[in-house]
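Contents: one structure, followed by commentary.
The values are calculated or read from the model by the stated rules, or taken from the named source; none is laboratory data. Since the model is a prediction, treat every value here as computed from it, not as a measurement. We place every Cβ from the backbone using ideal geometry, glycine too, and count neighbours over all the protein chains shown. To get the accessible areas, we keep the full protein, side chains included, count just its heavy atoms, and leave off ligands, DNA and RNA. Shrake-Rupley method; radii C 1.70, N 1.55, O 1.52, S 1.80 Å.
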Amino acid sequence: MPIRIGKRVFAIALVMALVSTVSAKKKEKVVLPAYVLGAQTVLVVILPNSGEPMDDITANRKAQEDVEKAFLKWGRYRLALDTDQADLVVGVRKGTGKVASPTISGGPVDSRPGTIETTDNQIRVGVQQGHPPDVSDPTGSTGPNDRVHPGVAVGQAEDTFQVFQGGLRYPLDNPPVWKLTAKDGLKAPDVAAVEQFRKAVDESEKAAQQKQQAQQQTNQQGQKKNP
């Protein structure tokens, strides 16, 4: 019986890895919507139901802070502390590096102390304490700050980075507009996920500009034909 279970878990992980690889290849051609290009603020949160690895109970919180620092270094978006202030919401989850691994959730594990983060041109004071604002519908859950409880993470070997539209009541209940699942995708100091998202934004802006120029040329040609 243990052998059969192991094979099943391995097969599921293999399929998820293949899907992630295909998705990563397709993201290069995705043109992001106007609300992403016009956004000014971003809120970085830990994806719901993300347990902390037993051997590193601050892994997700550290990944969250590393992503925030990468956004500060980028300088395009200002960091927000609440969904009401965020044009975009980014959800992150640190991979465990294993197909299945023990985790711990709840209590102070999910809390966040105040922090101060700076770059050459921005300063962000993190005064948020305790559990972050609800980014998904809590109906039917046991509550984000209940007692500490153990669990098992299955199929979360790689780092996850997802971008959602802000300005909504529960932004993470909607499909992400952009996502990346990759090994060490949230690893500092490079934080490859933010760099890949930056490239996607740059490519989308170029595509939008080309589309606008083409439309202007079409309009000019139409005016010439019909003076």
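Ordered by 1.4 Å accessible area with all protein chains kept, 204, 136 run largest first as 136, 204. Residues of the range 207-226 with an amide N closer than 16 Å to a point placed 7 Å from the Cα of residue 31 along the Cα-to-Cβ direction: 207-219. Phi angles of the range 164-179 translate, via the Karplus equation with coefficients 6.51, -1.76, 1.60 and θ = phi - 60°, into HN-Hα couplings of 10, 6, x, x, 10, 5, 10, x, 7, 7, 9, x, x, 7, 7, 8 Hz per residue; Gly and Pro are given as x. Distant-in-sequence amide contacts of residue 177, defined by a placed amide H-H separation under 5 Å and a gap of 5 or more residues or a different chain, comprise 163, 164, 165.
Residue order by solvent-accessible surface for 190, 202 is 190, 202, largest first, with ligands and nucleic acids left out and a 1.4 Å probe. Using the Karplus relation 6.51 cos²θ - 1.76 cosθ + 1.60 with θ = phi - 60°, the per-residue 3J(HN,Hα) values for the range 39-49 come to 5, 10, 10, 9, 10, 9, 10, 7, 4, x, 6 Hz, with x marking Gly and Pro. Taking all protein chains as shown and a probe of 1.4 angstrom, residue 187 keeps an accessible surface of around 110 Å². Each other residue within a Cβ distance under 13 Å of residue 170 adds +1 if Lys or Arg and -1 if Asp or Glu, for a net charge of -3.
Rounded to the nearest 0.05, the FRET efficiency derived from the C-beta distance between residue 195 and residue 216 at R0 = 30 Å is 0.40. The phi-based Karplus calculation (6.51 cos²θ - 1.76 cosθ + 1.60; θ = phi - 60°) puts the 3J(HN,Hα) values of the range 60-69 at 5, 5, 5, 4, 4, 5, 5, 5, 4, 5 Hz, whole numbers, x for Gly and Pro. Close amide H partners of residue 41, meaning residues 5 or more places away or on another chain with modelled amide H under 5 Å apart, are 78, 87, 88.
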